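A short worksheet on the structure shown next.
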Amino acid sequence: MNATRVFENRTQAGELLADCLSELKGNKGLVLAIPRGGLPLGAVIAKKLQWPLDVVLTKKIGHPFNKEYAIGAVSLKSRVLSEAAAEVEKSYIEAETKRLRAVLEKREREYHEHCKVEDMKDKRIILVDDGIATGNTMLATVDLIHKQGASEIIIATPVAANSAIDRLERSPYVDRVICLSQPEFFQAVGQFYEDFGQVSDEEARSYLESVGN
């Protein structure tokens with residue numbers, strides 16, 4: 001869909017995505033939200049489908065001279081590097097991997113204090129975020145989910161840049177991409193929401209716990 005659309009907030013966007021995924025209700029699967037912004041949407045989708053909800057904890061490895069440019073991503077169990085990483089010192093990548101995993105370990109303890117970690121192996125996964133700009137981190141996250149044995153990966157997002165959708169649809173590990181709006185002029189995810197307030201850690205945990213996985 002190429003029309004530009006502005007959403008009221010993340011909850012409304014999640015409801016619209018849930019409607020697009022309603023045919024999956026009754027099947028078994030797992031909704032994975034990218035924290036923190038993906039959790040309000042993921043909670044709505046998980047409740048509608050009656051699926052469990054969990055977070056996918058990854059951090060991008062930024063280029064040493066431009067931290068916003070992802071050269072890979074790490075999870076607690078694996079790491080994915082792009083071709084651009086070949087030009088970066090291995091010592092930097094190893095140091096960043098160690099640093100980022102320490103952050104992820106802390107977040108995992110916080111997010112799963114009152115709920116269990118869901119197994120991805122042989123699961124149909126719906127991967128949710130509140131918007132996708134470049135697709136770099138999402139692609140790395142998809143690779144990590146694939147490595148953990150997911151049987152199917154569906155990406156669901158309210159809004160994304162056309163170039164990001166093109167890249168995601170070319171991934172051999174992505175089975176389906178659902179995007180409600182692909183605006184021609186894309187600067188930042190927040191421009192497509194009336195209310196794009198930051199989701200606090202406490203709010204993020206409450207969304208995860210509200211589904212009762």
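The values are calculated or read from the model by the stated rules, or taken from the named source; none is laboratory data. Bear in mind the structure is a predicted one, so any value in this text is a computation, not a measurement. Reconstructed Cβ throughout: ideal geometry from the backbone, glycine too, with neighbour counts over all protein chains shown. Protein only, heavy atoms only, side chains kept; ligands, DNA and RNA dropped before computing areas. Shrake-Rupley method; radii C 1.70, N 1.55, O 1.52, S 1.80 Å.
Take the residues of segment 61-110 that are in a loop (DSSP other than H, G, I, E, B) and touching a residue at least 40 places away in the same chain (Cβ under 8 Å): which is farthest from LEU144 (Cα to Cα)? Selected residue: SER82. Among residues belonging to segment 112-127 that are of a type in the set (Asp, Glu) and farther than 28 Å from VAL159 by Cβ, point out the one that is nearest to the chain's Cα centre (by Cα). Within segment 112-127, the match that is nearest to the chain's Cα centre (by Cα) is ASP119. As a summary of the residue check, ILE165 satisfies the conditions (1) surrounded by fewer than 21 Cβ atoms within 10 Å (Cβ to Cβ); (2) more than 19 Å from VAL31 (Cβ to Cβ); (3) over 15 Å from the mean Cα position of the chain (by Cα); (4) not charged (D, E, K, R) except for the one numbered (3).
In the set (1) open to solvent by less than 30 Å² (accessible area, probe 1.4 Å); (2) outside any strand (DSSP E or B); (3) on the phi < 0 side of the Ramachandran plot, ILE153 fails one condition alone, (2). Taken as a whole, the structure leaves VAL211 outside the set of residues that are among the β-branched types (Val, Ile, Thr), in contact with a strand residue (DSSP E or B) (Cβ under 9 Å, 6 or more places away or on another chain) and either farther than 23 Å from GLU15 by Cα or modelled with pLDDT of 95 or more (or both). You will find that of ASP122, ASP130, the residue that is at pLDDT 95 or above, surrounded by 20 or more Cβ atoms within 10 Å (Cβ to Cβ) and closer than 23 Å to GLU23 by Cα is ASP130 and no other. PHE185 falls short on exactly one of the conditions (1) hydrophobic (A, V, I, L, M, F, W, C); (2) open to solvent by 50 Å² or more (accessible area, probe 1.4 Å); (3) more than 20 Å from LEU39 (Cα to Cα); (4) modelled with pLDDT of 95 or more, and that condition is (4).
With respect to VAL80, is the statement that it is exposed (fewer than 14 other Cβ atoms within 10 Å of the Cβ) and more than 17 Å from GLY37 (Cα to Cα) true? No, not satisfied.
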